[in-house]
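The values are calculated or read from the model by the stated rules, or taken from the named source; none is laboratory data. None of these values were measured; they are calculated from a predicted model. For neighbour counting, all protein chains shown are included, and Cβ atoms are generated from backbone atoms with ideal geometry for every residue, glycine included.
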Amino acid sequence: MTEEIIIAGFGGQGVLSMGKIMAYSGVMQDMEVSWMPSYGPEMRGGTANVIVIISSERISSPIIKRFDTAIILNQQSLDKFESSIKPGGVLIYDSNGITRHPERKDITIYSVDATEEASRMNSPKTFNMIVLGGFLKVKPIVKLDNVIKGLKKSLPERYHNLIPMNENALTRGMEIITEVQKAK
Amino acid sequence: MEKELRLMKGNEAVAEAAIRAGVDGYFGYPITPQTEIIEYLMEANPSQTTGMVVLQAESEIAAINMVYGGAACGKKVMTSSSSPGISLKQEGITYIAGAELPCLIVNVVRGGPGLGTIQPAQSDYFQSVKGGGHGDYHLIVLAPASVQEMADFVDLGFELAFKYRNPVLMLSDGAIGQMMEKVYLSPQKERSKVFPDWATTGKPATRERNIITSLDLDPNGQELFNRKLVAKYDKIREKEVRYEEFQCEDAEYLLVAYGTSARVCQKSVQLAREQGIRVGLLRPITLFPFPTKRINELADRVKGILSVEMSAGQMVEDVLLAANGKVPVWHFGRMGGIVTTPEEVIENLKSKIIGG
Amino acid sequence: MAEATGIKEIIKPENLVYKKTKLMTDNTLSYCPGCGHGTAHRILAEVIDEEGLQSQTIGVSPVGCSVLMYNYLDVDMQEAAHGRAPAVATAIKRLLPDKFVFTYQGDGDLAAIGTSETIHACNRGENILIIFINNGIYGMTGGQMAPTTLEGMKTSTSPYGRDVKTMGNPLKMTDIVATLPGTYYVTRQSVHTPANVRKTKKAIRKAVQYQKLDKGTCFVEIVSNCPSGWKMTPVQSNKWMEENMFPFYPLGDMKTPEE
């Protein structure tokens, strides 16, 4: 099993940390992982993206151009990465702020309205956990308890009191994700 | 003791491995994409635990000369930087080579020339293995292809550096430095309390004074020293070649790639074999000494060799020398901070070698 | 013969008032006749010996006339790249904090190519002694202009005299480092008369004591002569130094600890 994922959005949306929690969850499940961020000035206020690979085998290239799943959190990223999804692959996106919706017909598309949900839950910081929950519903490659373990590993101890809130957000994400289109 | 599993960036792994290897001193200067190394060390504050000195120098030049001073005291000392900073260090590096001092230098390569880009590249190959600074010298060059190797090569680097009294360069790149992978970390080693007999530690009455210098104004003396270095490098060529082979057993075509490019090429091998093309990969782990002999042997069995690196074609010169005209050798690489894709490698293999 | 008897009388141990310093080796100095380097080496060696620090000392020699200093002092020494001695010494002292660490640098080394290393080592207050030999010229390469060359002074790269408009002004590095909080003791001395030798030796001894007490950077400038570079006899050069160098580089303490 190898799952090749790109997560892309604005800097500050928690793109990199979502990827990190995903990677940690993979580690907790005794799998091979790699987390390859975009780095440098483009991170500061601009777009941010990270490639996460979770695999039962040794990972070859950590930098790839074709993905099984793309998690897209802004318009620029949708424009940039929609074409990089493998035929039959998965696109998960938050429609908040999206003016041009995905157009490909050969991929399965899900929407997760995490921005809206996070503000409804009055915890904007759990936005990325809602998205992650949605992803896990669609691609249950790691078990939820390993994700919680991953969260504990990637969060400094002083933030461990926030774990129940994040767990809640994960569950909520699983509930609200909806299929928009099945791959043809 | 059991190894500890962590998920870390390559840069963080180097820093943590340095503390655990019992390194005595780190001297550095911030530059992207390797600044996490000094940040991690400052945060970890090992002066309070192992007693390791961590110092932010005023320049790359000062940092490498601090390494000179520390290494001359027989201590395990290191520095790290990225390409433009490594250029600045070249003066110090040739003095260190000339004074035969052991140390570890980490280069997390970015694209050049000049200020270039902060994205990953492999365009410092010539600088690393063919010279860099002035004079006849070689560094031992280790090329990690994973976060695990960035950690492991700290220990290996110091082992080789002290074994041969020679500076060791870890030639990584922005991709391996910035990515996170699983890494198994060795248990904490104690810092050494014994010093080599050549070190300047204060002259007791029981021995002659120790002098660390790279100067000999007498040409005969200097040539003798040069010959001594040549003999040392020959011994290193004989004993320390390291490489990894991936599906070379039945390969009709051979890829040669190190570091990030080797990871990409591993995927290319898989994809090519799915298309029925029998491709193998040889990954040099040491770039000096280069696996010349092994490539020469493989050249007897394959129909062509593609050297893949993120540069305009540097390592390919060593591959050409190794193949010695037996089979066609071509270069393929992206530049400017662009990482080659596995598919591009196969396309180039087809167009340059198979169809060529 | 009366004369021979006289010598025999003089060399009797009980009449010995001056001898070769134990910590100077038997190697022949490479310095020109009349040059101040030999005297500066000697008093440094005397202080190290008298303080019982031979086994505790690590010195750093520069690039310049004193590049071969390690041949003359019987202590562990490192030869640094041009200008980098303060960075080299920084690491030595940080890694071996109980040792006595000094650098010995000329004006080209310390005040031109090594300006950055000098200022930053002093600014960090590295607990080392920096000895700065200022003779206003590059000696080893044969008499080129140094950062400390006086206005109007002729050298092979300022053959019509140093024109400060195009070649810059002579740099007072010692005054600069005295302003830095990291320096503890900053002084300017000379070694051209017995009285000045005694003062300089006293200054070096103080610096050694301060280093033992972990006080920060001690900086001893020695204004010196360069008979060859200045194209003068040793006697002329000392006179010229008094008349021209000292007015611009006045001798005396610039920063002394409040005691």
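Observations, loosely collected:
- Just one residue in the set A:G89, A:G19 is surrounded by 15 or more Cβ atoms within 10 Å (Cβ to Cβ), within 20 Å of A:P140 (Cβ to Cβ) and out of contact with any Pro (no Cβ under 9 Å at 6 or more places or on another chain); that residue is A:G89.
- For the range C:26-55, a residue qualifies if it is touching a strand residue (DSSP E or B) at 6+ places or on another chain (Cβ under 7 Å) and within 13 Å of chain B (Cβ to nearest Cβ), and the qualifying residues are C:A45, C:I48, C:L53.
- Condition check for C:V17: part of a loop (DSSP other than H, G, I, E, B), away from chain B (no Cβ under 14 Å), over 21 Å from C:Q189 (Cβ atoms) and of a type in the set (A, V, I, L, M): yes
- Filter result for A:I148 (among the β-branched types (V, I, T), at pLDDT below 95 and either part of a helix (DSSP H, G or I) or under 28 Å from A:M31 (Cα atoms) (or both)): yes
Every residue, every condition in (1) within 16 Å of the chain's Cα centre (by Cα); (2) modelled with pLDDT of 95 or more; (3) farther than 30 Å from A:Q29 by Cβ, yes or no:
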residue: B:K3; (1), (2), (3): no, no, no
residue: B:L41; (1), (2), (3): no, yes, yes
residue: B:A44; (1), (2), (3): no, yes, no
residue: B:V54; (1), (2), (3): no, yes, yes
residue: B:A63; (1), (2), (3): no, yes, yes
residue: B:G70; (1), (2), (3): no, yes, yes
residue: B:C73; (1), (2), (3): no, yes, yes
residue: B:A97; (1), (2), (3): yes, yes, yes
residue: B:P113; (1), (2), (3): no, yes, yes
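- Selection count where residues are hydrophobic (A, V, I, L, M, F, W, C) and under 13 Å from B:T200 (Cβ atoms), scope the range C:47-71: 2
- Out of B:L88, B:L104, B:L156, B:L139, sole residue that is surrounded by fewer than 20 Cβ atoms within 10 Å (Cβ to Cβ) and either free of Cβ contacts under 8 Å to residues at least 60 places away in the same chain or within 13 Å of the chain's Cα centre (by Cα) (or both): B:L88
- Across the range B:94-107, the qualifying residues are those that are under 13 Å from B:A161 (Cα atoms) and part of a helix (DSSP H, G or I), and the one among them that is nearest to the other protein chains (Cβ to nearest Cβ) is B:I96.
- Only listed residue being in contact with a helix residue (DSSP H, G or I) (Cβ under 8 Å, 6 or more places away or on another chain) and either surrounded by fewer than 24 Cβ atoms within 10 Å (Cβ to Cβ) or at the interface with chain B (Cβ under 7 Å from one of its Cβ atoms) (or both), chosen from C:I113, C:I119: C:I119
- Out of A:E82, A:E57, A:E116, sole residue that is part of a helix (DSSP H, G or I), under 30 Å from B:V269 (Cα atoms) and either within 14 Å of chain B (Cβ to nearest Cβ) or among the charged types (D, E, K, R) (or both): A:E82
- Residue in the range B:193-215 that is within 30 Å of B:M8 (Cβ to Cβ) and modelled with pLDDT under 95 present: yes
- One residue from A:S34, A:S60 being of a type in the set (G, A, S) and either modelled with pLDDT under 95 or surrounded by fewer than 24 Cβ atoms within 10 Å (Cβ to Cβ) (or both): A:S60
One line per residue, one yes/no per condition, for (1) under 13 Å from the mean Cα position of the chain (by Cα); (2) surrounded by fewer than 16 Cβ atoms within 10 Å (Cβ to Cβ):
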| site | (1), (2) |
| --- | --- |
| A:E103 | no, yes |
| A:D106 | no, yes |
| A:A114 | yes, no |
| A:V147 | yes, no |
| A:P156 | no, yes |
| A:R172 | no, no |
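- For first residues located in the range C:56-83 and at the interface with chain B (Cβ under 7 Å from one of its Cβ atoms), partners that are surrounded by fewer than 24 Cβ atoms within 10 Å (Cβ to Cβ) and in a strand (DSSP E or B) and lie 6+ apart or on another chain with Cβ distances below 9 Å form the pairs C:Y70/B:I211; C:D74/C:M24; C:D76/B:I211; C:M77/B:I211; C:Q78/B:I211; C:E79/B:I211.
- Meets criteria (over 25 Å from B:V147 (Cα atoms), surrounded by 22 or more Cβ atoms within 10 Å (Cβ to Cβ) and either small (G, A, S) or out of contact with any strand residue (DSSP E or B) (no Cβ under 9 Å at 6 or more places or on another chain) (or both)) for A:S77: yes
- Residue match in the range C:131-146 (condition: in contact with a Cys (Cβ under 7 Å, 6 or more places away or on another chain), part of a loop (DSSP other than H, G, I, E, B) and more than 19 Å from C:F219 (Cα to Cα)): yes
- Among residues of the range B:25-72 being within 10 Å of chain C (Cβ to nearest Cβ), in a helix (DSSP H, G or I) and not hydrophobic (A, V, I, L, M, F, W, C), the one that is nearest to C:A89 (Cα to Cα) is B:G69.
- Qualifying residue in the range B:310-330 (condition: within 22 Å of A:I64 (Cβ to Cβ), β-branched (V, I, T) and not assigned by TED's automatic domain parsing to the domain that holds B:T32): no
- Subset of the range C:85-105 (residues that are at the interface with chain B (Cβ under 7 Å from one of its Cβ atoms) and farther than 17 Å from B:V77 by Cα): C:K99
- Set A:M18, A:M36, A:M22, A:M28: member being touching a helix residue (DSSP H, G or I) at 6+ places or on another chain (Cβ under 8 Å) and free of Cβ contacts under 8 Å to residues at least 60 places away in the same chain: A:M36
- Candidates A:K125, A:K139: the one that is under 23 Å from A:N166 (Cβ atoms), loosely packed, with under 15 Cβ neighbours inside 10 Å and under 17 Å from the mean Cα position of the chain (by Cα) is A:K125.
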